[in-house]
Amino acid sequence: MLKVGIVGICGRMGHVLVNCFMGLDGVKVVCGVDRNTNNLPINCNVPVVPSFEELDIIPDVLIDFTRPDCSLETLSFARAHNVKVVLGTTGFDDDAKDLIKEASKDIAIVWAANFSVGINILLSLIKKTASIMQDADIEIVEAHHRYKVDCPSGTAIAMGEAAALGRNVNLKDVMVSGRDGITGERQYGTIGFSSVRGGDIVGVHDVNFLCDGESVTLTHKASSRETFARGAIRAAMWLENKKAGLYSMKEVLDLDFK
């Protein structure tokens with residue numbers, strides 16, 4: 001039986017994860033960690049504590065869809081107790097990303113900006129389209145709920161990285177985000193990002209390849225957080241016998257996306 005702990009179990013994704021785990025064979029939620037323990041998921045019958053210091057049960061895998069500061073605490077605990085991690089948090093700065101890579105030398109981590117199966121298939125299509133449509137202007141438009149704290153979304157950035165990989169360029173060198181005022185003509189070869197925040201939008205991403213005379217748009221729409229939860233559960237079960245290292249959904253899904 002694979003024992004799973006959920007960090008942020010009282011949040012939106014935590015609730016969905018608990019529901020998606022119910023009834024699964026070979027895997028069980030055994031504990032939760034959340035700074036706010038006042039909003040427990042329905043039918044949650046596992047111990048939930050506000051900090052790792054109070055956790056009495058050591059799970060095999062921790063799933064974390066929280067915020068960067070909390071996720072770094074998760075990694076510290078996981079390294080100390082040899083616990084594998086499924087990490088869905090976005091918004092890390094470069095120093096934090098280096099800490100994730102360092103932690104992966106000791107424990108197995110699946111880290112992804114988005115755990116949706118459809119998104120990860122789309123990343124492969126984006127890379128291929130960018131490599132073929134070399135003259136196209138690339139514009140990425142993403143929309144999320146009002147509570148999302150990072151912008152552009154980690155998924156949008158992953159899409160930009162896939163497009164940049166298809167063009168053999170570094171995204172940091174060509175990324176343009178949040179245009180405002182008199183910006184002048186669009187610079188050739190750049191990848192633009194635009195963000196919408198409002199309501200309860202789970203996630204909508206459009207990657208536009210715009211040429212003279214034609215355009216191609218690759219779109220993904222998430223209508224429920226269950227799609228992310230199911231992908232995270234799949235990643236947790238995949239990790240069960242994996243050695244230390246930093247993995248992505250590419251490996252989990254066996255996608256030919258390099």
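The values are calculated or read from the model by the stated rules, or taken from the named source; none is laboratory data. Keep in mind that what you see is a predicted model, and the values were worked out from it rather than measured. Neighbour counts are summed over all protein chains in view; Cβ atoms, including those assigned to glycine, are modelled from backbone coordinates with ideal geometry. Heads up: the accessible areas ignore ligands, DNA and RNA and are worked out on the full protein's heavy atoms, side chains in. Shrake-Rupley method; radii C 1.70, N 1.55, O 1.52, S 1.80 Å.
Tabulated data
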item	result
Residue check, H145 within 21 Å of the chain's Cα centre (by Cα) and under 20 Å from R12 (Cα atoms)	yes
Among the residues listed as V48, V29, V33, V18, the single one being more than 15 Å from V86 (Cβ to Cβ), buried (at least 18 other Cβ atoms within 10 Å of the Cβ), in contact (Cβ under 8 Å) with a residue 24 or more places away in the chain and β-branched (V, I, T)	V48
Extreme residue, surrounded by the fewest Cβ atoms within 10 Å (Cβ to Cβ), among residues of the stretch 55-68 that are β-branched (V, I, T) and in a loop (DSSP other than H, G, I, E, B)	I57
Residues of the stretch 129-175 that turn out to be out of contact with any Ser or Thr (no Cβ under 9 Å at 6 or more places or on another chain), in contact (Cβ under 8 Å) with a residue 60 or more places away in the chain and within 10 Å of I191 (Cβ to Cβ), as a count	1
Number of positions in the stretch 36-45 that are more than 21 Å from D69 (Cα to Cα) and open to solvent by 90 Å² or more (accessible area, probe 1.4 Å)	3
Residue check, S71 of a type in the set (S, T, Y), part of a helix (DSSP H, G or I) and crowded, with 16+ Cβ neighbours inside 10 Å	yes
Spans of strands (runs of 3 or more DSSP E) in the stretch 141-258 with at least 2 residues β-branched (V, I, T)	191-197, 203-211, 214-222
Scope the stretch 203-227; condition out of contact with any strand residue (DSSP E or B) (no Cβ under 7 Å at 6 or more places or on another chain) and not acidic (D, E); matching residues	C211, G213, S223, S224, R225, T227
Any hit, the stretch 150-166, residues being touching a strand residue (DSSP E or B) at 6+ places or on another chain (Cβ under 7 Å) and open to solvent by 30 Å² or more (accessible area, probe 1.4 Å)	yes
Yes/no for N43 being on the phi < 0 side of the Ramachandran plot, outside any strand (DSSP E or B) and modelled with pLDDT under 95	no
Qualifying positions in the stretch 219-258 - among the acidic types (D, E) and at pLDDT 90 or above	E226, E240, E251
Odd one out for L123, checked against (1) in contact (Cβ under 8 Å) with a residue 60 or more places away in the chain; (2) closer than 12 Å to V204 by Cβ	(2)
Out of N120, N114, sole residue that is crowded, with 19+ Cβ neighbours inside 10 Å and assigned to a helix (DSSP H, G or I)	N120
Among (1) buried (at least 18 other Cβ atoms within 10 Å of the Cβ); (2) closer than 21 Å to D93 by Cβ, the one test that G178 misses	(1)
